[in-house]
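Some notes on the structure that comes next.
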Amino acid sequence: MALTLVAAVPRTPRGLLAAASTVLVCLALLLPIGAVCQIVLTSQLDDRSSTQAIVVLDPARYWGDPAPVLSARLKHAAELYAAGTAPVIVVTGPARSAKAAREQLIASGVPAADVVAFTTGADTVGALQVVATIMRDLRWESATLVTDPPHAARAQATAAGFGIDAHLSPTESGPGTALTSEYVGRETAALLRFYLLTRWDQPQIITNTTG
């Protein structure tokens, strides 16, 4: 019987370093591409199935006046409420902003008893952590998140991390709806930061409230 001898390939430190570098380069390329794909695909979702609350996220103040962006979100939330998506609308943000948002919804015809203002931080993680904590206390599990299409992926990922059964219905009109390179670029960086850093320290606030 003939024997075939296969020479072992020495695993030199230089070879291992080259392989590790290749893997890191591939990850550095694939992670942003994956994040962009998630942002674009999630921006197309419009889930109007019944939930326990419609949550309007306060817009960031990175550029200019956030009022037109917030108005578009509030209008969309009012439409969801009128369609019976949820019996209550929750507005978030700093006290002044949340109060103004609540007043705007009431002025648009939503009953005052069905609009609740949660005073939160302006950032997505801080706002949804407060929302999740209050939802847990109220024994709520599901919520319809209203935000801009490019922000929807990060909002859903953050909400899910806190244990919220998050449904998405992004705005359909207004200044925040366009998937501009600037907006998508910022959201890509923020989504990667969430997955690589924030998610590991995120507590699951809502577990099982039906027991």
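The values are calculated or read from the model by the stated rules, or taken from the named source; none is laboratory data. Predicted model, so just to flag it, every value in this text is computed and none were measured. Note that we place each Cβ from the backbone using ideal geometry, even for glycine, and neighbour counts take in every protein chain shown.
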Item checked: Failed item in (1) modelled with pLDDT of 95 or more; (2) within 23 Å of residue 68 (Cβ to Cβ); (3) surrounded by 15 or more Cβ atoms within 10 Å (Cβ to Cβ); (4) not aliphatic (A, V, I, L, M), with residue 109 passing the rest -> (3)
Notebook entry, point to check: Which is more than 10 Å from the chain's Cα centre (by Cα), in contact (Cβ under 8 Å) with a residue 12 or more places away in the chain, surrounded by fewer than 18 Cβ atoms within 10 Å (Cβ to Cβ) and more than 18 Å from residue 68 (Cα to Cα), of 199, 193?
Noted result: 199
Next item on the list: Could you please tell me which pairs satisfy a Cβ distance under 6 Å, a separation of 6+ or placement on different chains, a first residue in region 162-188 that is modelled with pLDDT under 95, and a second residue that is of a type in the set (S, T, N, Q)?
Entry: 177/171
Check: Which one is surrounded by the fewest Cβ atoms within 10 Å (Cβ to Cβ), of the residues in region 34-80 that are of a type in the set (Val, Ile, Thr) and part of a helix (DSSP H, G or I)?
Finding: 40
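Criterion first (surrounded by fewer than 24 Cβ atoms within 10 Å (Cβ to Cβ) and free of Cβ contacts under 8 Å to residues at least 12 places away in the same chain) does residue 141 satisfy it?
On the way: surrounded by fewer than 24 Cβ atoms within 10 Å (Cβ to Cβ): yes; free of Cβ contacts under 8 Å to residues at least 12 places away in the same chain: no.
For residue 141, the condition - surrounded by fewer than 24 Cβ atoms within 10 Å (Cβ to Cβ) and free of Cβ contacts under 8 Å to residues at least 12 places away in the same chain - is not met.
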Item checked: In region 49-66, the residues that are at pLDDT 90 or above and farther than 14 Å from residue 123 by Cα -> 49, 50, 51, 52, 53, 54, 55
Checklist line | Residue tally, condition at pLDDT 95 or above and surrounded by fewer than 21 Cβ atoms within 10 Å (Cβ to Cβ), over region 86-98 | finding: 2
